[in-house]
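Participant: Questions regarding the structure given below will be posed in turn.
Every number in this text was worked out from the coordinates using simple rules, so none of it is lab data. Bear in mind that the values here come from a model prediction, so they are computed numbers and not experimental data. Please note: Cβ atoms are built from the backbone with ideal geometry, for glycine as well, and neighbour counts cover all protein chains shown.
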Amino acid sequence: MGPIRPLHRAAASPARFPLCALFIVVAEENPVMRPLLFVPLCCLCVPLPALAVTQSLPALVITANRIPEAVSTSLAAVTVIDRQTIEARQQLSLPELLRGLAGVDVFSNGGLGQNAAVSIRGSNAGHVLLLIDGVKLGSATLGTAAFQHLPLSEIERIEVVRGPRSALYGSEAMGGVVQIFTRTGDGPARLSLDLGGGSNATYRGSASLSGGDAVTRYSVSGGWLGSDGYNTCDGALDGGCYTDEPDRDGYDNTAFSGRVSRVFSKGLTLEAHALRSQGNNQYDSSYQNEADFVQQSNGLNARYQATPNWLSRLETGESLDELSSFGHGLNASEFNTRHRQVLWQNDLVLANRQQVTIGYEYSEDRVSGSTAYTQDQRDNQAYFTQLRRPLGGFELMLAVREDDNSQFGSHRTGQTTLGFTLSPRTHGFLSYGTAFKAPAFNDLYYPDYGNPALKPEQAKTWELGFSGEDGRGTWNLNLYRSRIDQLISGEFDVASGSYRALNLDQATIRGAELAMAWRTSSSLEFSSQVTWLQPEDEQGHILPRRAQRSFSLTVAERLGNSRLALEYLAQGYRYEDRANDLRLGGYGLLNLHGEYRLGPHWQLRARLDNLLDKAYQTAHHYPMPGRQFWLSLSYQSR
């Protein structure tokens, strides 16, 4: 991909929108014209007034530094997806919503409900920490999180932080952190209903009731999602599902969430939150081919404003990740994780605008099921602190965390960030951080494979970031380099004469991200993301299933009671195997979605995905969905 040329500030004409769309379609239909070569062309189709991040971001972000702060001053690469964006996009799954974000890649075994791995900045799926309202969620046996089972109907906001955050969150936060906040309420009581259906006999329904005032806020919500699906494996006997089962692979998911908070006198606020998602997933396999799952998170929080300059928080939480696989007349295989955690965090504002965060965190993982592990539980204690202070014309942030784990002992991580201002509306930062990933229970103790002597995977990352904004938009540009050591993989061990988990691999990941959003003086809105990635192992091979080039563009126009949006996502080729012998071709997808307000309470929405019916795969032998449509009707009281 060539360099992106400077963009002028002339106002865009609405007539140029069809022209840009035409160029995209031509690029898609002509195999000689690779989609990613048209990034500069698409950008030049519309004169741009400014560059910016993915969407209109909320004023505050919490996940980047564990404290509420303005997005523009977070000294981290952050993307926020709010409820309004979730409803406008009309995606059916969280992986599809995240796909195409700057620095984020998703590879999956087919469509709705199938296994999906979220990679941030080329890291492994296990290097992404998933939080639900601050509570960690994921499988301690696999060491990854099941993003595909988390219901969009129960989500209020998503914060994606790219880059290492182990200095604040400990294990897993090597590539980044994804935090999901469940639905919340405010203002007069509001009832919301949504019902829709589409391709592959897919249906979805949801209902929520929320409201609140300065003292009490509440929200309760439920959702249902189901689909007959399609055949998600192409029937190969030499890979993928290792079988030929030409049937539909269905999916169903029932979800519930609730949140209530109350402000008491003397600066005390109490809050309770819960999320549960459960259902059934069918897939193709020569072994078991069906699974029941549960994803659950709940917690209690207390916030106490001890003084105007001291906020103390006590948070407790528990999460469940349960999976029971069966089929073909075989006995069920069960893998269950129960995670518990306690956090005590104190945020202080000192003289000269200095901010200090001091915290203690205790967590415990317990695994159970049909497999007997040598050890079935572990606990972790951690102390962390963060200092943020002005330093002349700069801003300095220092963070350090000490983890003491019952399985692998102590591990210290840190992060140093220097922020600077280039102009009143242009900022930047330079950071260096270390991170680690604790070995999963399967890597440590799975029979005839686990290795109790494993060490944590470790990473060191440099990052340089710039951001800017004006009255019409914002932009973010981030450059980074990560070195990951002690990567765990299954290899033949000569000493034991069998395959087992070993600390063997190393990887170097270089990348650049550009995220933009802007609005013209007319009714047109634009957002775009560009990702360049070079994830290599020590032999110079590209890490499997990572697209090295990614580009997305969304153009939307609102006219009266209607809104129409065109999305284009292009991703370059990726390799299926570590030796880079098997290459999966790049692809370009054209999607349309729109909405029409029928009245003060009713809204009609429609979405058409993969308009050109492009055949593509992100994992070998697992075809992704072809052309699909979705239609829904929603009601919201006022």
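Participant: Would you calculate a helix-derived [θ] at 222 nm for the chain, using -39,500 (n - 2.57) for each DSSP H run of n ≥ 4 and dividing by the full residue count, to the nearest 500?
Facilitator: My calculation for the chain gives -1500 deg cm²/dmol from helical runs alone.
Participant: How much length would be gained if the chain were fully extended between Arg510 and Val349, taking 0.36 nm per residue of separation minus their Cα-Cα distance, in nm to one decimal?
Facilitator: This chain segment gains 54.3 nm when fully extended.
Participant: If you don't mind, another one. Taking the alpha-carbon centroid of each part, what is the distance from segment 240-286 to segment 483-505 in angstrom?
Facilitator: 34 Å
Participant: Between Arg366 and Arg578, how high is the FRET efficiency from 1/(1 + (r/R0)^6) when r is the Cβ-Cβ distance and R₀ = 25 Å? Nearest 0.05.
Facilitator: For Arg366 and Arg578, the calculated efficiency is 0.15.
Participant: If packing is taken as the average number of other Cβ atoms within 10 Å across a peptide's residues, how do 173-183, 353-363, 215-225 rank, most packed first?
Facilitator: Sorting 173-183, 353-363, 215-225 by mean packing, highest first, produces 173-183, 215-225, 353-363.
Participant: Take Ala272 and Ala201, extend 7 Å from each Cα along the Cα→Cβ direction, and tell me the distance between the two endpoints in nm.
Facilitator: Once both label points are built, they end up 4.0 nm from each other.
Participant: Starting from one equal scatterer on each C-alpha and no solvent at all, send me the Debye-based log10 I(q)/I(0) for segment 33-636 at q = 0.05, 0.06 Å⁻¹, two decimals.
Facilitator: Taking Cα atoms of segment 33-636 as identical point scatterers yields -0.20, -0.30.
Participant: Could I have the simple spin-label model distance between Leu387 and Asp238, label points 7 Å from Cα toward Cβ, reported in nm to one decimal?
Facilitator: 6.1 nm
Participant: Can you put Thr461, Thr232 in order of Cβ neighbours within 10 angstrom, beginning with the fewest?
Facilitator: By the 10 Å Cβ count, ascending, the order reads Thr461, Thr232.
Participant: Separation between the Asp292 and Asn280 pseudo-spin-labels, each 7 Å from Cα along Cα→Cβ, expressed in nm?
Facilitator: A separation of 0.9 nm, rounded to one decimal place.
Participant: A follow-up question, please. What order do you get for 64-72, 161-169 when each peptide is scored by the mean count of other beta carbon atoms within 10 Å, highest first?
Facilitator: Result, highest mean Cβ count within 10 Å first: 161-169, 64-72.
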